[in-house]
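**Student:** This structure is in structure tokens; I'll ask about it shortly.
The values are calculated or read from the model by the stated rules, or taken from the named source; none is laboratory data. None of these values were measured; they are calculated from a predicted model. Every residue, glycine among them, receives a Cβ derived from its backbone with ideal geometry; neighbour counts consider all protein chains shown. Surface accessibility is based on the protein's heavy atoms, side chains included, excluding ligands, DNA and RNA. Shrake-Rupley method; radii C 1.70, N 1.55, O 1.52, S 1.80 Å.
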Amino acid sequence: MPEKTKARILAAKKIITINPDQPYADAVAIKDGHILAVGDVGNLSTRFPDAHINNSLAEKVLLPGLIDAHCHMQLEGLFWNHTWVGYFDRTAPDGKTIPGIHSVTDVIYRLKEVEQDINKPDEPIVGWGYDPILLNDQILTKKELDQVSTTRPVIVFNASGHIIYVNSFLLNKAGITSETTVTGVNKATDGKPTGELEELEAMLLAIDFVPELLTAATSTTSIMNGAKLAQHAGCTTAS
């Protein structure tokens, strides 16, 4: 017969239980992935005399893991393979803080820096998190993104995830012209597409020509990025 798993007692500086009848404790007894009891070390040691007491978290504050019942963890993880161009500072999966950008000029500058570091001539440049509401409603167009490159795809995701902005190279590659009748293809007064594509039907016209985005979404790197971000937020379960 295999030896039964013994209970463990984790001692902590404080445990925030989220239980109004017992809001705080300083130890939790665990066995086979299940919480047996919460209380103080002395009481739990009496209740579970064979339990091993683990003091590795004795100076830490513990609280229950949060559950995110609806998120796009893989998509968030995918984006971190690319360049943050949002307004606010953001914490990356590795814990580093990526500074926000406060002008269109600086968005273009950051994307240009990425372009200079790319060796493959056809590799796309992808930015994400752009929010025109925080930048005096300045919409990115092909005019701005063509400053980054006219020889490779440049695509920037709006913070909402429902809009993308692309350069002339990608518009031409996707065959998006003044004749395109798909709803969501934004056009200027001369009838030519501006580079702004709203909602999925229009977005996919361009995204289909950046296959790296679609295949990378299920990569181990993207999944792990998403998991690390959830962990930073205190989530132990996400779906």
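**Student:** Mind checking which strands (runs of 3 or more DSSP E) fall wholly inside region 151-239 and carry at least 3 residues that are touching a Lys or Arg at 6+ places or on another chain (Cβ under 7 Å)?
**Tutor:** Working: elements: 154-158, 163-166, 185-187, 193-198, 235-238.
Because the criterion is at least 3 residues that are touching a Lys or Arg at 6+ places or on another chain (Cβ under 7 Å), the strands (runs of 3 or more DSSP E) in region 151-239 that meet it are 193-198.
**Student:** At pLDDT 95 or above, in contact with a helix residue (DSSP H, G or I) (Cβ under 9 Å, 6 or more places away or on another chain) and surrounded by fewer than 20 Cβ atoms within 10 Å (Cβ to Cβ): is that true of LYS112 in this structure?
**Tutor:** no
**Student:** Starting from region 174-200, keep only residues that are on the phi > 0 side of the Ramachandran plot, then list their pairs with residues that are among the polar types (S, T, N, Q) whose Cβ atoms are within a distance under 6 Å, requiring at least 6 positions of separation or different chains.
**Tutor:** GLY191/SER178; GLY195/THR141
**Student:** Might you let me know whether region 225-233 holds any residue that is farther than 17 Å from GLN74 by Cβ and open to solvent by 10 Å² or more (accessible area, probe 1.4 Å)? Give the steps one after another, and end with the answer.
**Tutor:** Pass one, region 225-233, residues farther than 17 Å from GLN74 by Cβ: none.
No, region 225-233 contains no residue that is farther than 17 Å from GLN74 by Cβ and open to solvent by 10 Å² or more (accessible area, probe 1.4 Å).
**Student:** While we're on this one: Which one of LEU75, LEU57, LEU63, LEU44 is at pLDDT below 95, open to solvent by less than 100 Å² (accessible area, probe 1.4 Å) and more than 18 Å from ALA159 (Cβ to Cβ)?
**Tutor:** LEU57
**Student:** Within region 96-103, is even one residue touching a residue at least 24 places away in the same chain (Cβ under 8 Å), open to solvent by 20 Å² or more (accessible area, probe 1.4 Å) and closer than 23 Å to THR150 by Cβ? Spell out how you get there, then give the answer.
**Tutor:** Pass one, region 96-103, residues touching a residue at least 24 places away in the same chain (Cβ under 8 Å): 102-103.
Checking the rest, the ones that are also open to solvent by 20 Å² or more (accessible area, probe 1.4 Å) come to 102-103.
With the extra rule that they be closer than 23 Å to THR150 by Cβ, the set shrinks to 103.
For region 96-103, residues touching a residue at least 24 places away in the same chain (Cβ under 8 Å), open to solvent by 20 Å² or more (accessible area, probe 1.4 Å) and closer than 23 Å to THR150 by Cβ: present.
**Student:** In region 28-87, how many residues are assigned to a loop (DSSP other than H, G, I, E, B) and within 17 Å of the chain's Cα centre (by Cα)?
**Tutor:** 10
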